[in-house]
Amino acid sequence: MLSVINICKNVHIHTLLVQQIRFKSKTHWAKLRKKTSPKYKAQNHFDEFYGSVFGGKWPPMKEAMLRRSKYVAVVNNYGDAEETIAFLTERGAHCLRALMSVQEEFHKQFPPTPTHTDTQAASVEQFTAKVQSDDISSIYPQDNLPEKLELSDMTIRSSEEEKEVEKQTVKSQTLEESLASAQMDMSRIIDPSMGVTSEALYQYVPATQLKGMDEWVPESLHYSYYSKDTDFPLAIEPETEFSFPEHLKVYTYEMGSEWNMFPEPKRCKTNVLNYYPMDCGSVLAVLALCLSPGDRVLDLCSAPGGKALVALQTLLPDVIVCNDSSISRTNRIGRIFRDYLIDFDTSNSWRERVLISTRDGRDFTDDQGFDKVLVDVPCTTDRHTMNEDENNIFRPDRIKERLRMPEMQSQLLTNALKLVRVGGAVVYSTCSLSPVQNDGVVHMALKHAFETHGIIATVKDLSAPFASLAGTLSLAAGSIAPRYGQLVTPTNDANFGPSYITRLVRVK
Ligand code: SAM
């Protein structure tokens, strides 16, 4: 009897042990999967790239970007604006225009010294050289490396997923030895929840000299778009026309304030919503347009329509064309406008003034010319990619799209420079910290627009007018400041951005 109990006990203990091991191993696998998901890839990528560009300033930015972002409230002029302002003021929010004019007075007495240096360009070049050398060594084992190898000599690409595995020195081994020492590349396990189709599986076939050579692009291609050639007319002048639009009412909580959130917008008596919550960096892109009464405006990548709505809230544009290449996203523009503009669907006035179109912005044509063009390009949306796996540009099946992104951004900006009339302005904006997608794309488009179409545009330096935002948000300065644009950097005290904004005025 005793021995039967002992056996039972032993069986029980054994089962428990097995269960425990299974449980442990489950946790372990879950952790592994988590670490390789797109948002962790994005974080690792940014740690490497932004760590080398922004140095010690990157870790606090990253910390802020992993937290909840801050918003401002753009009051709807088509709702009960006075009541809305009273409500926001009661909650401790301040008028952005008033905050800016207080700072402006201060700067009149103590003018800020220009802080830009070219340190950033040097860091990007250094980083590019490193990625190029990683690309080369991941394809050619150290022993076989030709004496001098340029990246352009490479015929196949090794993705970042392959790098870790391939970096290890390749020694000749027997098959058994290879199998014994082989490591599973977890990044190649497809998470079904990502919704990839069987077609996408083919992208996981390792690159060989025989298959798909022409399809592959090196990681370093992305960085090679960052060039410093100045073999085209390039002028940077201080912006002198800037003024805060009289009718635009933006409310924000002070820097570092405990109060950070606005409640859900509410319907007004006119049945539209009372305010639109958005990132302050997005408001800056509209401010940088320096809209004038009667302007004909194009918003080339418009959906879901937030910045176009802010432009309309200035009550300045005569006509605004809201274009986006995605049909489903273009539908969202209509939804937002219905929520904020009285009788949007039925009024003739809106029908004549607000035109929604669904075209590829690179091929958009127009025969009248626009006074202002906003190019708020698709980008790596850094804050989103660091926090969400869904629709993440760091997903393995979107690698080519990511690597070629600066090329498409530059094509969109070049077309915008063609579409704006001489004397008009183009604003280029992203929500990324990447110098490649920011200054790099502006540089590439200016060069291309000149070489291909004879277009010349002056970069307008917004640092003086934007200095009056110093009490509200943080702008990159000194060694981390971009050369052409303004960069809103996220901080725990003012968790806006990232947003990059450049203003270009076409002179020829
Ligand atoms: N400006 C918008 C706003 O404030 O609500 C956000 C624009 S979002 C950053 C970029 C948009 O570009 C996306 O809606 C995307 O569908 C669109 N897009 C992507 N490729 C495009 C292209 N080739 N032409 C036009 N739009 C494009």
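The values are calculated or read from the model by the stated rules, or taken from the named source; none is laboratory data. None of the values given here were measured: they were computed from a predicted structure. Glycine gets a Cβ as well: all are built from the backbone with ideal geometry, and neighbour counts include every protein chain shown.
Among residues belonging to region 472-506 that are touching a Ser or Thr at 6+ places or on another chain (Cβ under 6 Å) and part of a strand (DSSP E or B), point out the one that is farthest from P378 (Cα to Cα).
V505
Scan (1) surrounded by 24 or more Cβ atoms within 10 Å (Cβ to Cβ); (2) more than 13 Å from the chain's Cα centre (by Cα); (3) part of a loop (DSSP other than H, G, I, E, B) for the single condition L446 breaks and write down its number.
Checking L446 against (1) surrounded by 24 or more Cβ atoms within 10 Å (Cβ to Cβ); (2) more than 13 Å from the chain's Cα centre (by Cα); (3) part of a loop (DSSP other than H, G, I, E, B), the one that fails is (3).
Does R296 count as within 14 Å of the ligand (Cβ to nearest atom) and either touching a strand residue (DSSP E or B) at 6+ places or on another chain (Cβ under 9 Å) or more than 21 Å from G485 (Cβ to Cβ) (or both)?
Values: within 14 Å of the ligand (Cβ to nearest atom): no; either touching a strand residue (DSSP E or B) at 6+ places or on another chain (Cβ under 9 Å) or more than 21 Å from G485 (Cβ to Cβ) (or both): yes.
So R296 fails the test.
Yes or no: region 429-443 includes at least one residue that is within 15 Å of the ligand (Cβ to nearest atom), crowded, with 24+ Cβ neighbours inside 10 Å, over 30 Å from Y253 (Cα atoms) and β-branched (V, I, T).
Yes - at least one qualifying residue is present in region 429-443.
Quick check: is even one residue across region 310-321 over 19 Å from V75 (Cβ atoms) and more than 13 Å from the ligand (Cβ to nearest atom)?
yes
Being aliphatic (A, V, I, L, M), in a loop (DSSP other than H, G, I, E, B) and in contact with a His (Cβ under 6 Å, 6 or more places away or on another chain) is true for just one of L289, L315. Which residue is that?
Going through L289, L315 in turn, just one is aliphatic (A, V, I, L, M), in a loop (DSSP other than H, G, I, E, B) and in contact with a His (Cβ under 6 Å, 6 or more places away or on another chain): L315.
What residue, among those in region 398-425 that are away from the ligand (no atom under 14 Å from the Cβ) and aliphatic (A, V, I, L, M), is farthest from E239 (Cα to Cα)?
I399
Give me the pairs: first residue in region 402-427 and at pLDDT 95 or above, second residue within 11 Å of the ligand (Cβ to nearest atom) and among the basic types (K, R), beta-carbon distance under 8 Å, and six or more apart or on different chains, which are they?
Here the result reads M408/R362; Q411/R362; L412/R362; N415/R362, each pair linking region 402-427 to a residue that is within 11 Å of the ligand (Cβ to nearest atom) and among the basic types (K, R).
Name every residue in region 272-283 that is within 12 Å of the ligand (Cβ to nearest atom) and either buried (at least 24 other Cβ atoms within 10 Å of the Cβ) or of a type outside the set (D, E) (or both), in order of residue number.
Y276, M278, G281, S282, V283
Residues in region 326-369 that are more than 11 Å from the ligand (Cβ to nearest atom) and part of a loop (DSSP other than H, G, I, E, B): how many?
Residues flagged as more than 11 Å from the ligand (Cβ to nearest atom) and part of a loop (DSSP other than H, G, I, E, B) within region 326-369 amount to 12.
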